[in-house]
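What follows is a single structure, written as structure tokens, with notes after it.
The values are calculated or read from the model by the stated rules, or taken from the named source; none is laboratory data. This is a predicted model, so every value here is computed, not measured. Reconstructed Cβ throughout: ideal geometry from the backbone, glycine too, with neighbour counts over all protein chains shown.
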Amino acid sequence: MTQFCFVLMPFGLKPDESGRNIDFDRIYAEIVGPAIADAGMEYIRADQELAGGIIHKAMFERLMLCDYAVADLTTANANVFYELGVRHGIRPYSTVLIFGKGFRLPFDVAPLRGLPYQLDEHGAPAAPAVDRHELAKRLNAARDPVVDSPLFQLISEFKAPDIARLKTDLFRENVAASNAIHQRLAVSRRKGMDAVESVEHSLNLAETDPAVLIDLFLSYRAVEAWQRMVELVPRLPRLIAKTVMVQEQFGFALNRLERRDEAEAVLTSVITEHGASSETNGILGRVYKDRWGEANQGGNIALAKGYLNKAIETYLAGFEIDWRDAYPGINVVTLMEMSDPVDSRQEALLPVVRYAVERRLKGRTPDYWDHATRLELAVLSRDHQAAEAALANALASVREPWEPKTTKRNLELIRDVREARGENVGWVAGIIESLCLAAGR
């Protein structure tokens, strides 16, 4: 019978006490996941981002019913500690703690026996093979039960709840079913909207694993089915529909459908309720950017100027919240190029945006947006050679067709405004054409 190991850890890049970004995706890919496989187990990750960052029924089932668990305490992530508390309150043993070497554990967990792993100066695994081997050994040792929950260690009279075998068997069936749906969605994204819709029609949305629902939602985004995204949101369970990530992407889809007023209302509501962020402001900035373009095309120069200023300030606010996120940064310096004259703040911001993307490239596996940001920076700096190199890397990293379309549009804006100023920008045409091909025209 398959033994499942639940993984409790942060996602993406998270800062430690010194400000260094820890690359948890690489820690998972190079240490945790392989170690679990080496121990002959199947891993289930506490996919906080995919499931909208909420604690839900399926999450509690995983915490309770997985035979084993690995919890990464690095950066003292609040979600991880909450989930660990639930796990320790139900399971007397089989929970393995890990943390980045040198990280100071909070007082309440400092006495617990954790396994340190090594990190380099960029927050990436420094010795993944060694740490993978040690974690696999610790997991294998957990098969010989030793109480590791402080609750059960300190209160000998406290009894673990009886987890019915029938419930455990049903849990295994549900995990297998969810994994199968994730695989179907992965295939459907390569086939197009009809294939994704076919998967949706096979689901009972009220009873489906929240992580699968989010995967379905983002699968529609991957095939540019904006209307399907919008139609799906009110049919999702309310708890899922109201998460920040779903609302952000809801606003994103509404804007792609040119329903600007609705998109603005959704995104400003997120900011009012949860505060500004680089992600929400980045999407809202795109709404104002599109309104600027429409006003320009309609010849309403005064209105266009107003929306350009609004887009710049919205992107800038998002970048100032998190200097590590280059997305709002590259958009703000690009739009500053559109001002007449060029916004004087651009000169000071360009090296900051460049530093932000270089740090991301060094500390993680680069994605499309990292290379696309480098490309836009090179074009803004009139660096032909760097632009060609960044273009090659960006094209090799395209995941969804709307990504190169966004970059193409930004480069067209830079080309057009500089051409209007009498600058020779013919060299940018080939780059734009390559992005057109990557986007399927």
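Before moving on, here are some points about what is shown:
- The range 317-348: number of residues that are free of Cβ contacts under 8 Å to residues at least 40 places away in the same chain and surrounded by fewer than 19 Cβ atoms within 10 Å (Cβ to Cβ): 11
- Meets criteria (among the β-branched types (Val, Ile, Thr), in a helix (DSSP H, G or I), free of Cβ contacts under 8 Å to residues at least 40 places away in the same chain and under 24 Å from GLU347 (Cβ atoms)) for ILE312: yes
- Checking each residue of the range 209-226 against the condition of being surrounded by 19 or more Cβ atoms within 10 Å (Cβ to Cβ), of a type in the set (Val, Ile, Thr), part of a helix (DSSP H, G or I) and without any contact (Cβ under 8 Å) to a residue 40 or more places away in the chain gives at least one match.
- Here ALA129 clears all of (1) touching a residue at least 40 places away in the same chain (Cβ under 8 Å); (2) assigned to a helix (DSSP H, G or I); (3) under 28 Å from the mean Cα position of the chain (by Cα) except the condition numbered (1).
- Just one of the numbered conditions (1) surrounded by 18 or more Cβ atoms within 10 Å (Cβ to Cβ); (2) of a type in the set (A, V, I, L, M); (3) modelled with pLDDT of 95 or more is not true of VAL357: (3).
- Taken as a whole, the condition of being part of a helix (DSSP H, G or I), within 19 Å of the chain's Cα centre (by Cα) and among the polar types (S, T, N, Q) does not apply to SER178.
- For the range 201-236, the candidate set comprises residues that are acidic (Asp, Glu) and closer than 19 Å to LEU254 by Cβ; within that set, the residue that is modelled with the lowest pLDDT is GLU224.
- In the range 184-202, the residues that are closer than 15 Å to PHE217 by Cβ form Cβ pairs under 6 Å with partners that are outside any helix (DSSP H, G or I), at six or more places apart or across chains, as follows: MET193/VAL223; MET193/ALA225; VAL196/VAL223.
- Residue list for the range 255-269, filter: assigned to a loop (DSSP other than H, G, I, E, B) and of a type in the set (Asp, Glu): GLU258
- Screening GLU262, GLU248 for residues that are acidic (Asp, Glu) and under 23 Å from the mean Cα position of the chain (by Cα) leaves exactly one candidate, GLU248.
- Unmet criterion (only one of (1) surrounded by fewer than 21 Cβ atoms within 10 Å (Cβ to Cβ); (2) under 23 Å from GLU412 (Cβ atoms)) for ALA276: (2)
- Checking SER156, SER178 one by one, the residue that is polar (S, T, N, Q), assigned by TED's automatic domain parsing to the domain that holds ALA39 and modelled with pLDDT under 95 is SER156 and no other.
- In the range 417-441, the residues that are under 30 Å from ALA225 (Cβ atoms) and in a helix (DSSP H, G or I): ILE431, ILE432, GLU433, SER434, LEU435, CYS436, LEU437, ALA438
- For the range 399-441, the tally of residues that are without any contact (Cβ under 8 Å) to a residue 12 or more places away in the chain and at positive phi stands at 2.
- Subset of the range 237-273 that is surrounded by fewer than 17 Cβ atoms within 10 Å (Cβ to Cβ) and within 24 Å of SER198 (Cβ to Cβ) - its residue that is modelled with the lowest pLDDT: PRO237
- LEU411 meets each of the listed conditions (1) within 29 Å of GLU121 (Cβ to Cβ); (2) touching an Asp or Glu at 6+ places or on another chain (Cβ under 8 Å) apart from (1).
- Set PHE103, PHE81: member being surrounded by fewer than 21 Cβ atoms within 10 Å (Cβ to Cβ), assigned by TED's automatic domain parsing to the domain that holds ILE155 and either at pLDDT 90 or above or closer than 29 Å to ALA206 by Cα (or both): PHE81
- Condition met for ASN296 (over 23 Å from the mean Cα position of the chain (by Cα), surrounded by 15 or more Cβ atoms within 10 Å (Cβ to Cβ) and assigned to a helix (DSSP H, G or I)): yes
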